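> Structure below; questions to follow.
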Amino acid sequence: MKLAVYPGSFDPVTNGHVDLIERSCRIFDRVLVAVLINTEKSPHFTVEERIGMLREIFRRNPKVKVKSFSGLLVDFLRKEKTNIVVRGLRVVSDFEFEFQMALMNRRLDREVETVFLTPREDLSYLSSRLVKEVHRLGGDVSGLVPSLVHRALEQKLPNGKPGKS
Ligand code: PNS
């Protein structure tokens with residue numbers, strides 16, 4: 001049984017993340033989405049909200065589980081008894097940070113392997129940060145995030161569209 005951990009902030013989960021999780025399911029037996037409990041960043045959605053949205057999106061996919069984690073990713077991997085990390089590589093600018101993380105994780109634990117997957121090309125420019133910014137400024141983010149995330153954004157973040165608060 002190959003278990004892959006897909007760690008991230010998921011604040012909020014985008015269609016790019018969903019695409020990557022679905023791709024991972026085609027390669028691994030099980031995929032554990034690990035939501036970071038951010039201590040430094042101040043997330044828009046609480047960890048419970050982020051986990052709730054992910055669980056709802058994948059409720060019909062028995063291969064996908066969602067948990068939170070804090071501390072070092074390598075410690076979480078040991079706890080979950082796996083050495084496989086999945087990360088997405090969208091554009092060249094992702095590479096430097098992802099490369100550093102992969103090598104640091106391997107330095108912390110020689111067993112850890114990071115597998116990079118590329119998302120669907122039409123989603124390769126997408127990020128949680130841009131989604132929040134575009135939504136906040138009144139842009140349309142439907143089609144970029146699952147519909148339940150869109151609704152959650154509408155409730156949580158004021159949208160700059162005329163006529164809306
Ligand atoms: O979605 P993000 O914010 O790009 O995800 C980053 C994440 C959660 C994968 C990364 O910050 C992480 O693994 N944090 C846990 C702390 C850790 O292990 N740091 C050392 C590895 S570089």
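> Which one is most open to solvent (accessible area, probe 1.4 Å), of the residues in region 24-41 that are assigned to a loop (DSSP other than H, G, I, E, B) and within 13 Å of the ligand (Cβ to nearest atom)?
Here the answer is Glu40.
> Then there's this: Answer with yes or no whether Ser68 is polar (S, T, N, Q), assigned to a strand (DSSP E or B), at pLDDT 95 or above and under 15 Å from the mean Cα position of the chain (by Cα).
The answer is yes for Ser68.
> Hey, another quick one. Taking Arg107, is it surrounded by fewer than 16 Cβ atoms within 10 Å (Cβ to Cβ), over 22 Å from Lys67 (Cβ atoms) and over 18 Å from the mean Cα position of the chain (by Cα)?
yes
> Looking only at region 110-151, how many residues end up being within 14 Å of the ligand (Cβ to nearest atom), more than 14 Å from the chain's Cα centre (by Cα) and polar (S, T, N, Q)?
Adding up the residues that qualify gives 1.
> A further question follows. Of the residues Val145, Val92, Val115, Val86, only one is crowded, with 16+ Cβ neighbours inside 10 Å, of a type in the set (A, V, I, L, M) and out of contact with any Phe, Trp or Tyr (no Cβ under 7 Å at 6 or more places or on another chain); which?
Result of the check over Val145, Val92, Val115, Val86: Val145.
> Separate question: If Arg50 satisfies all but one of (1) open to solvent by 40 Å² or more (accessible area, probe 1.4 Å); (2) within 11 Å of the ligand (Cβ to nearest atom); (3) touching a residue at least 24 places away in the same chain (Cβ under 8 Å), what's the number of the condition it fails?
(1)
The values are calculated or read from the model by the stated rules, or taken from the named source; none is laboratory data. This is a predicted model, so every value here is computed, not measured. Note that each Cβ is placed from the backbone with ideal geometry, even for glycine, and that neighbours are counted across all protein chains shown. Ligands, DNA and RNA are excluded from the accessible area calculation, which covers all protein heavy atoms including side chains. Shrake-Rupley method; radii C 1.70, N 1.55, O 1.52, S 1.80 Å.
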